């Protein structure tokens with residue numbers, strides 16, 4: 001039987017959580033000199049976000065609970081953070097179905113790809129498909145996303161001024177995480193240790209590190 005074709009993957013975005021979106025926007029602006037723009041609400045998650053571009057095809061998302069909304073279990077921890085805290089990172093692909101097959105073929109459990117969307121402040125609907133790793137995923141594993149070709153990538157409309165200088169992911173399961181990343185064809189700085197992500201940005205105020 002032929003092995004699944006390995007589709008292209010690349011870094012898409014980081015998700016940084018905080019319990020209050022306005023506080024997160026102000027905190028990020030204070031650190032970097034760039035004010036994130038409100039992105040929109042996720043109707044099925046109970047969250048909303050603000051975004052900053054990190055250059056072509058990549059961005060940083062500040063995610064917070066919507067007031068009076070019930071959080072989906074997948075993002076329950078979003079409301080637990082009083083300061084900007086990286087909680088997820090995402091790799092994009094040009095073929096989410098084939099990438100899912102690759103991940104399953106090398107022995108990792110993964111949820112089925114599912115659609116997602118949100119409506120921007122100007123009424124535009126952004127759509128995507130994504131899948132998360134299964135419950136026994138390596139600690140600090142990414143999730144995977146494919147943007148609808150008809151949707152503008154958020155990096156093209158989010159405020160500019162920041163760039164990604166580097167990022168490091170620490171994992172108590174670093175060998176399996178490295179195996180996963182190798183299987184999908186992505187290289188990242190992975191170190192052994194308690195789960196942690198360090199994102200270093202180039203900003204108008206110099207290098208800024210955001211970490212948990």
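The values are calculated or read from the model by the stated rules, or taken from the named source; none is laboratory data. All figures in this text were calculated on a predicted structure; none of them were measured in a lab. Backbone-built Cβ (ideal geometry, glycine too); neighbour counts: all protein chains shown.
Has segment 112-119 got at least one residue that is touching a helix residue (DSSP H, G or I) at 6+ places or on another chain (Cβ under 6 Å) and closer than 18 Å to residue 74 by Cβ? Yes, the conditions are met somewhere in segment 112-119.
Restricting segment 34-70 to residues that are touching a helix residue (DSSP H, G or I) at 6+ places or on another chain (Cβ under 6 Å), part of a loop (DSSP other than H, G, I, E, B) and crowded, with 21+ Cβ neighbours inside 10 Å, the residue that is modelled with the lowest pLDDT is 45.
Looking across segment 121-136, the residues that are under 16 Å from the mean Cα position of the chain (by Cα) and under 21 Å from residue 98 (Cα atoms) come down to 127, 128, 129, 130, 131, 132, 133.
Checking segment 79-86 against the condition returns a match, with at least one residue being in contact with a strand residue (DSSP E or B) (Cβ under 8 Å, 6 or more places away or on another chain), surrounded by 14 or more Cβ atoms within 10 Å (Cβ to Cβ) and assigned to a helix (DSSP H, G or I). Of all the criteria given as (1) within 19 Å of the chain's Cα centre (by Cα); (2) modelled with pLDDT of 95 or more; (3) loosely packed, with under 14 Cβ neighbours inside 10 Å, the one not satisfied by residue 186 is (3).
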